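The values are calculated or read from the model by the stated rules, or taken from the named source; none is laboratory data. As the structure is a prediction and not an experimental result, all values here were calculated from the model. Here Cβ is always computed from backbone atoms with ideal geometry, including for glycine, and neighbour counts include all displayed protein chains. Ligands, DNA and RNA are stripped out before the accessible areas are found, and what is left, the full protein with its side chains, is counted by its heavy atoms. Shrake-Rupley method; radii C 1.70, N 1.55, O 1.52, S 1.80 Å.
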Amino acid sequence: MKSKSKIVLFLIWFSIFILNWEIIFSAIELAGLYIVDFSKVSTVSLHIVIQIFTSLLFALLPLLFISTRLKVSSKISYGVNNLVITVLLVFVFANFITPASPHYFATPSVTKNLSPITTVNYLEIAPSKKVDRITNLSKKLNGFEREYFDSLKINKSTVTLYQNKNSQTFSKEHFVTITPNYHLFVIGSDEFGRDIFTRIVYGTRESVIIGFGATFISMLIGISLGFISGNSGKITDSAIFKLAEIFLSIPAIFLILFATSLLKISMFSIIIILALTGWMHIYIVTRNEIIQLKSMDFFITTKKLGVNWFNIIIREVIPYILPVLGISFIFQFANIILAESALGFLGFSHSPDSIAWGSLINYGIPYLRTQWWIAFFPAFVLATFLIALFKYSEKIKRINTF
């Protein structure tokens, strides 16, 4: 990577660090408290674990840039590269991009159904003094709770917030500071006052987790069956190939809907269902590559020389099929993201609170005429990312063919 690019990336990192230094140091402190009092680790939620891990990773990013030389092929579109990398960075560092919770109902009387590029005043609620340090730090990682308002009146010891046609009075100690802050709803809010941008950012994390999980398992199944089929006799090969043909003959969406009707819906079950209905193409690619490889002179010679089968796989087979499987992985990942989004769009998401891209589109459909932004922006992000992935894989395929 050129020195100018490294300087730009460092400046971006430093700017984000300055804006989020409290969150980063809170995560480091919280990690230290859990190490000191290990008995409380069992009570920590997965969300907090992810927040701590990503905060520590973000703090160490400059060391990674210094110690590694990141090179991106100039033959691949610069814009496509940046788009794919941006989505992956959003997946990892969602809590720095938008610290607010995607499920937080932000005073709906003031913030509901806001159009894009709307600012609203708010005051941050102070952490409770009655709970321990770990609880307060955990709340800080999730962002302080907020009270949104249209206008306020500051008295000697109280603050009155006017919210639409209502008003509430709080003591000054209830807030971190009585100086108003401004929250920009970049792409609007929904009927409950939830920030659409925040929901898309965290929805990226959910969609990518399901996509990577299902792709990894489907690749594992497809490659294993491809190795077995390509190195077995005709009976075993024909049986596995017929099984793949049966799966391919049934539209994938019907298989997925049938499987979801039999299993209890959860994120894990969605990953398993998508993996079990998407291994066939990986299997066929692996099987064909193994059969082609076995007919080549260098492979036949290696076997005749009595080289161990395990060494043949490590030294000959894997390097030969790895480029093809890499392309297949990207295609498979895009297909699974699309399938997961279709499930969410049809209302088969793993949870009523799911914020995956398909679920966000499904939620916004009833509001298309009045609040078009609720469904449009998640659909735009999904379509853009899928197009970028397919173009990315096509360009890699062209590079590998030359």
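The share of accessible area on region 160-261 that comes from carbon and sulfur is 67 percent, using a 1.4 angstrom probe.
If a/c stays under 1.5 just call it rounded; otherwise compare a/b with b/c (prolate if a/b is bigger, oblate if not). Do that for region 167-265, with a ≥ b ≥ c from the square roots of the Cα gyration tensor eigenvalues. Because a/c hits 1.5 or more and a/b exceeds b/c, region 167-265 counts as prolate.
For Lys156, a cut-off of 17 angstrom between C-alpha atoms picks up these aspartates and glutamates, skipping any fewer than 8 places away in its own chain: Glu173.
Hey, which of these cross-link pairs are over 24 Å Cα-Cα: Lys234/Lys304; Lys112/Lys165; Lys234/Lys303; Lys264/Lys391? Table pairs above 24 Å Cα-Cα are Lys264/Lys391.
For region 149-257, the residue among Leu184, Thr169, Gly230 whose Cα projects farthest onto the positive side of the dipole built from Cβ charges is Thr169.
A straight Cα-to-Cα reach below 13 Å connects Lys294 with the aspartates and glutamates Glu316, residues fewer than 8 places away in its own chain not being considered.
Extending 7 Å from the Cα toward the beta-carbon at both Leu257 and Ile313 defines two label points whose distance is 4.0 nm.
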